[in-house]
Amino acid sequence: MRLSRPNSMRIATALLVVCSASSIAFAQAGPQQVFTNRTRFQIPIRYNQEEMSRLGIREIRLYTSIIQGRRWQIAQNVPPETRKFDFRASTDGEYWFAVKTLDGNNNLIPGGNTTTPALKIVVDTTKPVLKLQLQPAKAGEVRLAWDAVDTWLDAEKLKLEYRQPGQNNWQPIRVLPKASGETSWSVLEGGIVAVRGSIADRSGNIGTNQLQINVTPASNSRPKPAEPDFTRPVAKADP
């Protein structure tokens, strides 16, 4: 039975409201960047309830910016006993978040015209594009080239595999984990060679591709090795 994925997720990073004797301020050790492929998620709130009550805080406001802080808007207002914000992103992009509180005298804390982001969430629902080119270099030899494209690509997640005559299972192709590159190997007796690959981005989206060609046997064909020789990979620079 296939289980359906939940409609929302909980962002592990909490927005921290720090209370002091004279003020309440939003603080965190630098804005943290979080990646997700969900458009709906929850952001936890952490604070000292005793200080919030003592200072008469009656509202916590979540502010968001989708243009890197050049303009902010209120995304949600919640009472001080609330422990999370529920947020739905309208589109893919990088969302900046900040929090302000409203006290009993309708004063925003922190005040002023400056809003400092404390959390950045990248919403990315688009799969990377993985292009594969598989062609004969010469008789009895095949060349593979790959090129992956994505704004938030995680090249370390590159996975390439091959299958050729005499093998029933897919075998790994050992190359440098780059966004683009190439390698080649011998298939002396020729035949159908298949290659498949996958790569992920930082939000967990996975792009895949697969193709195959018929390789011409080498004229001086001899028993083929147990596996291709991947000691000569040539990795291009990242695009």
Within the range 38-68, the count of residues that are modelled with pLDDT of 85 or more and of a type in the set (Asp, Glu) comes to 1
For Ile213, which of the numbered conditions (1) more than 15 Å from Lys131 (Cα to Cα); (2) open to solvent by 50 Å² or more (accessible area, probe 1.4 Å); (3) assigned to a strand (DSSP E or B) fails to hold? (2)
Residue within the range 181-189 that is hydroxyl-bearing (Ser, Thr, Tyr), within 30 Å of Ser65 (Cβ to Cβ) and either crowded, with 16+ Cβ neighbours inside 10 Å or out of contact with any Lys or Arg (no Cβ under 8 Å at 6 or more places or on another chain) (or both) present: no
Residue pairs meeting the criteria (Cβ under 8 Å; at least 6 apart or on separate chains; first closer than 26 Å to Pro217 by Cα, in the range 124-139; second in a strand (DSSP E or B) and open to solvent by 90 Å² or more (accessible area, probe 1.4 Å)): Leu132/Gln210; Leu134/Gln212
List pairs: first residue in the range 65-78 and within 19 Å of Glu94 (Cβ to Cβ), second residue of a type in the set (D, E, K, R) anywhere in the structure, Cβ distance under 8 angstrom, at least six positions apart or on different chains. Ser65/Arg71; Ile66/Glu94; Gln68/Glu94; Ile74/Arg61; Gln76/Arg61; Gln76/Asp86
Checking Leu176 against (1) modelled with pLDDT of 95 or more; (2) closer than 30 Å to Val34 by Cα, the condition it does not meet: (1)
If you check every pair at least six apart or on different chains, which have Cβ atoms under 6 Å apart with a residue in the range 192-220 that is more than 15 Å from Gly166 (Cα to Cα) first and a residue that is assigned to a loop (DSSP other than H, G, I, E, B) and of a type in the set (Lys, Arg) second? Asn205/Lys127; Gly207/Lys127
One residue is enough: does the range 88-107 have a residue meeting the conditions open to solvent by 30 Å² or more (accessible area, probe 1.4 Å) and of a type in the set (Asp, Glu)? yes
Only one residue in Ser65, Ser53 is open to solvent by 20 Å² or more (accessible area, probe 1.4 Å), out of contact with any His (no Cβ under 7 Å at 6 or more places or on another chain) and among the small types (Gly, Ala, Ser), so which one is that? Ser53
Matching residues, the range 133-164, being buried (at least 16 other Cβ atoms within 10 Å of the Cβ) and among the β-branched types (Val, Ile, Thr): Val142
Regarding the range 192-209, can at least one residue be identified that is open to solvent by 10 Å² or more (accessible area, probe 1.4 Å), assigned to a strand (DSSP E or B) and either modelled with pLDDT under 95 or basic (Lys, Arg) (or both)? yes
With a cut-off of at least 1 residues that are closer than 30 Å to Ala194 by Cα, name the strands (runs of 3 or more DSSP E) lying wholly within the range 62-153. 129-138, 141-149
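The values are calculated or read from the model by the stated rules, or taken from the named source; none is laboratory data. Note that the coordinates shown come from a computational prediction; the quantities given were computed from them, not determined experimentally. Don't worry about glycine lacking a Cβ; one is built from the backbone with ideal geometry, like all the others, and counts go over all protein chains shown. Note: areas computed on protein heavy atoms with side chains; ligands, DNA, RNA excluded. Shrake-Rupley method; radii C 1.70, N 1.55, O 1.52, S 1.80 Å.
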